[in-house]
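Heads up: the structure comes next, in C-alpha cells.
The values are calculated or read from the model by the stated rules, or taken from the named source; none is laboratory data. Just so it is clear, the structure is predicted and the values come from calculations on it, not from any experiment. Note: ideal-geometry Cβ built from the backbone for every residue, glycine included; neighbour counts use all protein chains shown.
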Amino acid sequence: MGLPGQPSTPANSARRRYRFRQGSCERPSSILQADDAINYGAIGTIIGHEITHGYDDSGANFDALGNLKNWWTEAIEEFRRALTSVINQFSVSRAERAHLQGKLVSGESIADLGGLLLIRLRISESR
C-alpha cells in the first residue's frame, strides 16, 4: 500500500483493468492549469507505464481476451532482441548505490520506457 500521493495500480492481466489511487491525480501529480507537457509528464507517464505492462515480458503472454496464449507471430524474435537490450541497459544502471539486475526488473523497465515514449509521442502530436 502506497502513500496517498503514490499510485497503486495492480493490473489484472486477465481483464486489463487498472486502478489508480485518487492521490495520483491531485497536486503535485497534475496541475490542470499547467502546460500540457507538465500534465502529461505527471499523470500521463503513470498511465502509459501501466498500459505498457500489457505488452511487457509478462503481459505479452495474454491475448486480448485475457487468455494465457502466445499471440505473437514473427515479432517475438524482435521483441526478445529488444528485451535483451533493455536487460543489458538496466543491468549496468545504478539506483541509490544498488546494482540493478536487469532481468529481475525487465517488466518495470519496459513499462517505464513505454510510458515515457507514449507521452513523448502525445506531446509531439499536441504541438
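Look at residue 24 and say whether it is surrounded by 11 or more Cβ atoms within 10 Å (Cβ to Cβ), at pLDDT below 75 and closer than 21 Å to residue 124 by Cβ.
When the stated conditions are applied, residue 24 does not pass them.
If you go through the stretch 49-108 one residue at a time, how many are part of a helix (DSSP H, G or I) and more than 25 Å from residue 122 (Cβ to Cβ)?
9
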Report task. Return yes or no: is residue 45 buried (at least 16 other Cβ atoms within 10 Å of the Cβ) and of a type in the set (Ser, Thr, Tyr)? Result -> yes
Query raised in the report: Scanning the stretch 48-84 for residues that are in contact with an Asp or Glu (Cβ under 8 Å, 6 or more places away or on another chain) and exposed (fewer than 15 other Cβ atoms within 10 Å of the Cβ), which turns out modelled with the highest pLDDT?
Result: 69
Report summary line: Given (1) at pLDDT 85 or above; (2) under 20 Å from residue 35 (Cβ atoms), residue 126 misses just (1)
